[in-house]
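The values are calculated or read from the model by the stated rules, or taken from the named source; none is laboratory data. The structure displayed is predicted, hence computed values, not measured ones. For neighbour counting, all protein chains shown are included, and Cβ atoms are generated from backbone atoms with ideal geometry for every residue, glycine included. Note: areas computed on protein heavy atoms with side chains; ligands, DNA, RNA excluded. Shrake-Rupley method; radii C 1.70, N 1.55, O 1.52, S 1.80 Å.
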Amino acid sequence: MKFEPGEIGEVLEMLLFRELDIRAVTLSVNTLPAARPRPGDLLPALEEVLEPYLKRLRPAVERVASRLGVRIVTVRLAVSPVSILLEPIGDGAAAVEVARHLDKLAEKYGVDMVGGFSAFVHMGASRGDKALMEALPEALNTTARVAGFLNTASTMTGINLDAVKKAAEIILAMRPHAAARFAVTANLPEDVPFMPGAYHGLGLPDAVVNIAVSGPGVIEAVVRNLPDADVRTLHDAIKRAAFKITRLGELVGREVAKELGVPFGAVDLSVAPSPKVGDSVAAILEAIGLPRVGAPGSVFALALFTDAVKKGGAVAASTIGGLSGAFIPVSEDAVMAKAAAEGALTLDTLKAMTAVCNTGIDMVGIPADASPEAVAALVADVMALAVHLDKPLGVRLVPVPGAKPGDVYDLGGLYGSVAVMDISRYSKIPLMARGGTSPPGVERLKKG
Amino acid sequence: MEMAVVAVLGADRVGIVAGISNVLARHNVNIVDISQTVVRDIFSMIMVVDISKADVDISQLRKELEEEGRRLGVMVGVYHIDVFRYMQRI
């Protein structure tokens, strides 16, 4: 197979100068065999299930990265929803112990994050779910690498407002670094490689490898090179670039799966941004033609980008999975953060953009003394969008103590700086006092 | 055949091709294709090399080429050909 110098040069430019890398290799492991009726037996059983995988995970990822010459930014583990492990025990204290043990194992084996400290409560909470919810603030406040979510809505069953309210209380009881590892979700797929949405789905085999790609800088460069192109030409160019980015994810996924001797799951084709300059999804939207992300035209630009990424990525991957859309986390994207700090982005703009992306309201700072009702109502809005547009969405809010709208709080690393936004001019939202679970929408009927 | 791409970029000077080629020859790595240009005193070279008979693995080869690159004051990248095969071919 012969390559033209231009073809090789194009790939080299992406890898060397456009921040193209693999955001995460996420090994997803079935931890349900560790379920034990006594808390004292659960932790050793969990370790027994995980250790054979953990011992090999980071070395396998490093071998692949080194062989290919490609950066793999984070190595992650996804476990079965911990709420299920808690069903026989039904105790929040045991749940906190599980989180701390997972944190310790992750640190020992060089795993950057563990996802799955989670529960599905979209139609109600079981004994294990309740134990997990009770433990969530302390579990995440006292660990560094554990991530979790509460899935409070589903197209198939509707929106559990009681769980949404509980989730709002949980968010407000978390320290900023803990809240960055927690999301309230709807319709969460079983094979998400991104945190905090990652968990080992019930339909999966004992272990699979899922891949998260990055590389918004590649697409930004492509768009900037076409200043006069019409939107259809632009869409086509983005699609081609997304194809190449996703192919790299496909290659790394196959290689890591081979090294680990587990099946390759899926590539999440969302091009994840980071706070680094030249690694921003919002910068792509601005290159498409916005004075600042958040300006009128933002929903159009995001829709164009998301659609092109999906079409290009779908052809490139043997299986697409996870969220596979566009991520617009406010703090984890330097240009989103800048727009938020300038006041160009509000929660209402983000809600509108949520209609055409797959993140929802992600990594936004709120004052830690925000009204729980207002937080719950904001989450409920996003849940409604997810259910009635029939897609996965989430809310990840970071309560910042003593902060007021307009402040900025630095979380560091991949999390970046969160801009604190005004959550609501109203602190009382009587709707939230009603509670209950809303029935599924007509979208569910279309499915049969 | 197992192939790799060696990319070299930096300020032009005497001995870049010789220095890089020496490391490759020392480890029994055969140069299959080479393309080299100098534009405005910036040296750029892309080599496609066969590493299947090399006496070191690609990681060790990269380490030594990067060391040679530092001595010459140029940037060196080493990538497996699969990266290009996946990204540029369906």
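So the values come out like this:
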item	result
Residue-normalised accessible area of the range A:330-448, given per residue in Å² at a 1.4 Å probe	42
For residues of A:247-258, the mean tally of beta carbons on other chains within 10 Å	2
Global form of the range B:3-88, assessed from the alpha-carbon gyration tensor, a/c cut-off 1.5	oblate
Whole-angstrom gap from the range A:294-354 to the range B:56-79, using each part's C-alpha centre	38
Residues with amide H under 5 Å from that of A:A78, placed H, sequence gap 5 or more	A:L27, A:S28, A:V29, A:G115
Listing of the range B:6-53 residues, each with accessible area lower by at least 40 Å² in the full protein assembly than in the chain alone (probe 1.4 Å)	B:I46
Cβ-Cβ FRET estimate between A:S318 and A:N225, R0 fixed at 30 Å, reported to 0.05	0.50
Distance (nanometres) between label positions extended 7 Å along Cα→Cβ at A:H388 and A:R71	4.2
Accessible area of chain B belonging to carbon and sulfur atoms, whole % at 1.4 Å probe	51
Dipole in debye (nearest 20) - the range A:1-326, about Cα centre, beta carbon charges: Lys, Arg +1; Asp, Glu -1	220
Theoretical FRET efficiency, 1/(1+(r/R0)^6), r = Cβ-Cβ of A:Y426 and A:V277, R0 45 Å, to 0.05	0.75
Share of Cα-Cα pairs in the protein assembly as shown lying beyond 37 Å, as whole percent	32
Along each principal axis, Cα extent of the range A:182-267, largest first, Å	50, 34, 19
For the range A:121-171, average projected area of the Cα convex hull in nm²	3.6
Chain B, relative contact order [Cα under 8 Å, separation at least 6], %	43
The range B:1-50: relative contact order in percent, alpha carbon pairs under 8 Å with at least 6 residues between	53
Rounded Å value of the spacing that divides the Cα centres of the range A:237-257 and the range B:22-47	27
Percent carbon-and-sulfur accessible area, the range A:1-326, ignoring ligands, DNA and RNA, probe 1.4 Å	54
Karplus 3J(HN,Hα) series, Hz, for the range B:51-66 with 6.51 cos²θ - 1.76 cosθ + 1.60 (x for Gly, Pro)	9, 5, 9, 5, 8, 9, 7, 5, 5, 5, 4, 4, 4, 6, 5, 5
Backbone HN-Hα couplings from phi across the range B:15-23 [Karplus 6.51/-1.76/1.60, Hz, Gly and Pro as x]	x, 5, 4, 4, x, 5, 4, 4, 4
Inter-label distance, nm, simple model (7 Å from Cα along the C-beta direction), A:E107/A:E47	1.4
Separation of alpha-carbon centers, the range A:89-147 and the range A:37-83, rounded to whole Å	16
Span-like helix ranges in chain A, DSSP H, alpha carbon extent 20 angstrom or more, Kyte mean at least 0.5	A:298-316, A:372-389
Gained length - A:R36 relative to A:S438, 0.36 nm times residue gap less alpha-carbon distance	141.3 nm
Expected-Rg normalisation [2.2 N^0.38 Å, Cα atoms] applied to the range A:148-291	1.28
Highest-first arrangement of A:364-370, A:111-117, A:312-318, where packing means the average Cβ count within 10 Å	A:111-117, A:364-370, A:312-318
Loop trypsin sites (Lys or Arg not before Pro), the range A:157-207 (other Cβ atoms within 10 Å of the site Cβ: 16 or fewer; DSSP)	none
Cα-based equivalent ellipsoid, the range A:126-219: semi-axes from gyration tensor eigenvalues, Å	23, 18, 14
Relative contact order for the range A:1-326, counting Cα pairs under 8 Å that sit 6 or more residues apart, in percent	19
Gained length - A:D348 relative to A:L16, 0.36 nm times residue gap less alpha-carbon distance	115.8 nm
Spin-label zone in the range B:54-90 - amide nitrogen under 11 Å from a point set 7 Å from the Cα of B:D33 along the C-beta vector	B:85
Area buried, chain B against chain A - accessible surface, total, 1.4 angstrom probe, square angstrom	2500
Using a Förster distance of 45 Å, the FRET efficiency for B:Q60-A:D307 (Cβ separation, nearest 0.05)	0.55
Largest-first principal axis extents of the Cα set of the range A:42-149 (Å)	47, 28, 22
J(HN,Hα) series, the range A:357-366, from Karplus relation 6.51 cos²θ - 1.76 cosθ + 1.60, nearest Hz, glycine and proline x	10, 10, 9, x, 8, 10, 6, 10, x, 9
Two-site label geometry, A:L202 and A:K2: point separation in nm, points 7 Å out along Cα→Cβ	5.6
Kirkwood hydrodynamic radius of the range A:59-115, from inverse mean 1/r over distinct Cα pairs, in Å	13.1
